[in-house]
1. Given H placed on each backbone N at 1.01 Å, which residues far from ILE392 in sequence or on other chains put an amide H within less than 5 Å of it?
2. Rounded to whole Å, give me the distance from the Cα center of the stretch 457-522 to that of the stretch 294-337.
3. Take the alpha-carbon positions of the stretch 294-342, form their convex hull, and give its projected area averaged over all directions (one quarter of the hull surface) in nm².
4. Given only helices, namely DSSP H runs of n ≥ 4 each adding -39500 (n - 2.57), what is the per-residue ellipticity at 222 nm of the chain, to the nearest 500 deg cm²/dmol?
5. Extending each Cα 7 Å along its Cβ direction at ALA471 and THR181, get the distance between those two points in nm, one decimal.
6. So how do 300-306, 110-116 stack up, highest first, on mean other-Cβ count within 10 Å?
7. Among the GluC sites (Glu not before Pro) within the stretch 420-527, which fall in a DSSP loop and have no more than 14 other Cβ atoms within 10 Å of their own Cβ?
8. For Cα pairs less than 8 Å apart in space and 6+ apart in sequence, what is the mean separation divided by the residue count of the chain, i.e. the relative contact order in percent?
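Nothing in this text is a laboratory measurement; each read-out follows from the coordinates by a stated rule. These numbers come from a predicted model, not from an experiment. Every residue, glycine as well, gets a Cβ built from its backbone with ideal geometry; the counts of neighbours run over all protein chains shown.
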Amino acid sequence: MPLTVATAGHIDHGKTTLVEALTGKNTDRLPEEQARGISIDLGYAPLELPDGTQLSVVDVPGHERFVRTMVAGATGVDLFLLVIDANEGARPQTHEHLAVLRLLGVDRGVVALTKSDVADADTLELARAEAEELVPGAAVVAVSGRTGAGLDELRAALAAIATERGREDAPTRLYVDRSFTLRGIGTVVTGTLWSGSIGEGDELRVEPSGRNVRVRSVQVHDRPVDRADAGQRVAVALPGVERSDVRRGDALVAPGAYRPTYRLDIALEPLAEIPARVHVHHGTADVLARVAPVGDRFAQLRLAAPIVAARGDRVVLRAGTTVGGGVVLDPHPPRHASVERMEAVERGDSLVYTPVRVDGEWVWSQEWLDELRAQLEHAIDAADPLDPGVAIPAEPWVKAVEPHLGFERRGAKLYRPGAAAALGERADAAAALEAQLGLEPVKVDDPALGRFLEDEGRLVRVGDGFAISPAAYEQARDVLVDGITLAQFRDALGVGRKTAQMLLERFDADGVTRRAGDARVLRKRGR
């Protein structure tokens, strides 16, 4: 039963110290965090409870400047661990973090009164009374990360509420909160798996960019697994993908299951007056939006950038501070919102705006078609001139709708008729880059240019953001023999160890070789 718990609480109230005392892992991994003694980014650790329940702990920063990071860490979790310094009591970020948790629908948790070893009895009792009033019904446990007092009671309190929440049986969806590169593996992304499962060999899609990817391997807290399930903290290795191609806020989803959107209809949950412009936090994304109120209880959010959302998801709205949130009623609504329609959708009435199948045929409204066309035009306008197309919507209705859009299909993308890739202002940069290419990898500062030139057969990308010439690639391939080691390959080419490693990893990715112990063996097609 995989479950995820997020910490919450004011800065310096001891969240990270408590997590380390519980798990044995210091979640402050960044040098700046260790130097300043405060959490800046999200940290992660596994926690096994006395009854064998496995929890994934997400440790969030407590500083007011990093509330948006806290929201990204708390989204999609099952439980909270609210940390309050017994000597200070609840502080501003205690209240704001708790409000965020409520807006996200995370209503089960435990309160830990930290630093209880240096609090007198009266102070501790006052802190307990305040916590019980602040979070009615939650267990309140006095602990000390320094001495270990109360840790067993805290584990028991977590175990008492660690029952699996009802997760919708939905297609795979993981919101990325970290993207990094590991030598010999490539790009790795991490996140909490909201729904579905992920395993080696799965074909997934990065949204909203529309990039198709294949899963090389999956880990849960640094341990390889055949398949990760919803509710777990997951690390996914994605071969052939550069770190810059997948970032926090992106979603890793089952192909065709979710479509990016620029609009959301929500049932509004205000904490204060909602301004006209807000930051919308959904999943791990933080997107500017204009708020269009619809009656007293609803609003349409018009987003500056697309996100991937589904009915029933929760959003948090911030404008300097947290001003409210809401539940997504319709992730693909019409532009013209009305109270009547939102009330009907909230009730579950069938008011379908996107295409539906009637007697075996797809039908849709002209308004919806016009809006889809405008959305695709907008995406094409924003596309890189090197590839002036937009990903074809991965929807079951796409074959029926596509002929009515007026675009030209090429592979998995739509283009304006006759549109062609162009280097434009990058022509000089392309020529300068090609002039440098040889056997020694050259840094490519423009990933899009690198992909374009590789597609044109003018370079071969290796490592994380480097390239060699096509002739050098063939030269390196010619020296490969079955069972060659890194050292033998390096000496045969007369290059450094780092260059040799990059080239062998590219051959592995291309299916020319595979690693067997300290050597590379040729695959059949590479012989």
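1. LYS413, LEU414
2. 49 Å
3. If you wrap the Cα atoms of the stretch 294-342 in a convex hull and average its projections, you get 3.9 nm².
4. Mean residue ellipticity, 222 nm, calculated: -7500 deg cm²/dmol.
5. 2.6 nm
6. 110-116, 300-306
7. Sparse-neighbourhood loop GluC sites (Glu not before Pro): GLU456.
8. Across the chain, relative contact order equals 9 percent.
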